[in-house]
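The values are calculated or read from the model by the stated rules, or taken from the named source; none is laboratory data. It should be emphasised that the depicted structure is a prediction, and the values quoted were computed from it without experimental measurement. Neighbour counts run over all protein chains shown; Cβ positions are idealised from the backbone, glycine included.
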Amino acid sequence: MQEGTLRNRPIYKLANFLMLWPDFFYFTVDILISCKSKNQSKIRYDLQRIKKRLEILITTDNSIKEEQANEFYNFFCEYCQNEEASSGDLLNFIVYKVGPYKLNGDGINRKRECKIALKGNILTDKNFDVVFYRFYQNDFVQAELIECKIDLKAFVHSPPSDINSFSRKADEKLKAMRLIKEKEREKDSLRFYFATCRKNVISCQQMINDRGYDFVAIINGDELYEMVKRYKQQLI
């Protein structure tokens with residue numbers, strides 16, 4: 001979906017607020033993970049609990065102003081009342097805007113929700129949330145393929161309380177990454193990532209490595225915060 005079609009949607013308003021006011025990033029990361037509940041397939045957030053946390057934040061963090069906090073709360077409430085709150089699109093959009101992660105230089109393209117093809121042939125039916133890429137030396141490619149999960153622990157471990165477990169969905173996505181990796185040509189440079197709001201991803205990375213996917217790295221919450229700050233600096 002093109003950015004122009006997102007401008008009036010709650011996800012766009014909240015994401016852009018967070019990119020302009022990075023001081024709210026860690027607060028948002030925390031509530032996205034700790035203040036949610038799942039009703040059937042839909043995620044719900046405890047808005048009263050969030051409001052109380054926000055009031056405490058205003059009194060304890062001098063960088064947070066009441067006017068900005070009220071604006072954040074309104075955007076977050078609007079976001080929660082929308083079906084998008086059950087998806088990972090908020091993180092997808094932020095990563096799409098503030099990335100790439102390591103890839104730098106001119107001529108970088110970015111895509112959301114795309115499949116990967118080589119010489120016109122689609123390699124897997126799995127979509128990737130965000131891809132940054134550029135071509136060089138005719139048709140060789142450098143790329144970052146990023147799958148975004150607000151709570152990677154809940155995605156990798158099933159159930160999340162068992163750090164020795166491994167979910168079917170994670171296994172399917174990683175198999176798709178391996179399939180693409182196996183088609184990488186000598187002069188191609190493909191990098192695979194999970195991006196997550198979680199700051200501590202040690203058990204997730206260990207499980208991914210133990211399953212033979214050590215070519216897949218994790219962009220954690222702290223690294224995302226640095227990317228958001230870097231993006232804001234570029235706007236100044």
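Summary of values
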{"quantity": "Lone unmet requirement of (1) modelled with pLDDT under 95; (2) more than 27 Å from Tyr133 (Cβ to Cβ); (3) surrounded by 17 or more Cβ atoms within 10 Å (Cβ to Cβ); (4) over 14 Å from the mean Cα position of the chain (by Cα) for Phe24", "calculated": "(1)"}
{"quantity": "In the range 52-63, the residues that are assigned to a loop (DSSP other than H, G, I, E, B) and either of a type in the set (Ser, Thr, Tyr) or closer than 15 Å to Phe17 by Cα (or both)", "calculated": "Ser63"}
{"quantity": "Options Ser203, Ser167, Ser161: the member that is of a type in the set (S, T, N, Q), in contact with a helix residue (DSSP H, G or I) (Cβ under 9 Å, 6 or more places away or on another chain) and free of Cβ contacts under 8 Å to residues at least 24 places away in the same chain", "calculated": "Ser167"}
{"quantity": "Any chance Gln48 is touching a residue at least 24 places away in the same chain (Cβ under 8 Å), in a helix (DSSP H, G or I), assigned by TED's automatic domain parsing to the domain that holds Asn8 and not aliphatic (A, V, I, L, M)", "calculated": "no"}
{"quantity": "Unmet criterion (only one of (1) modelled with pLDDT of 90 or more; (2) small (Gly, Ala, Ser); (3) closer than 30 Å to Ile43 by Cβ) for Ala154", "calculated": "(1)"}
{"quantity": "Residue within the range 186-193 that is in contact (Cβ under 8 Å) with a residue 40 or more places away in the chain and either in a loop (DSSP other than H, G, I, E, B) or not assigned by TED's automatic domain parsing to the domain that holds Ala117 (or both) present", "calculated": "yes"}
{"quantity": "Residue ranges of helices (runs of 4 or more DSSP H) in the range 64-172 with at least 1 members assigned by TED's automatic domain parsing to the domain that holds Lys229 and under 23 Å from Ser34 (Cα atoms)", "calculated": "89-98, 152-156"}
